[in-house]
Amino acid sequence: MITISKSRLKSTMLEVFRKAEESGEEIIVTHFQKPVLRILPFKTTRSVKEAFGDWQNQTPLSKQSKKALLEPTDSDWNFDP
């Protein structure tokens, strides 16, 4: 996380934005040492862990459910290669 005052940001904005873009860090802008803005880099993709990490190991599955999830579904769709 990059923390910077409004006045410093004004004089170094392009440099700070480039650094945040390359690193993916968010920028916190302060006014008299109080956070007033948060600038987030735009992400086009997220990893599976980023998207579903909070749900990992949160949904209990029975052995039967796990088995059903791992079995091929070709027969269910009448697939004949």
Close pairs from the range 41-57: first at pLDDT 80 or above, partner in a helix (DSSP H, G or I), Cβ under 8 Å, at least 6 apart: PRO41/ALA20; PRO41/GLU21
Members of the range 6-28 that are within 12 Å of PRO41 (Cα to Cα) and among the hydroxyl-bearing types (Ser, Thr, Tyr): SER23
Count - residues of the range 1-39 that are loosely packed, with under 11 Cβ neighbours inside 10 Å and assigned to a strand (DSSP E or B): 3
When residues of the range 40-50 are limited to those that are in a loop (DSSP other than H, G, I, E, B) and either among the charged types (D, E, K, R) or out of contact with any helix residue (DSSP H, G or I) (no Cβ under 7 Å at 6 or more places or on another chain) (or both), the one nearest to LYS10 (Cα to Cα): LEU40
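The values are calculated or read from the model by the stated rules, or taken from the named source; none is laboratory data. Computed from a prediction, not measured in an experiment: that's the story for all the values here. Cβ coordinates were reconstructed from backbone atoms using ideal geometry, including for glycine residues, and neighbour counts include every protein chain displayed.
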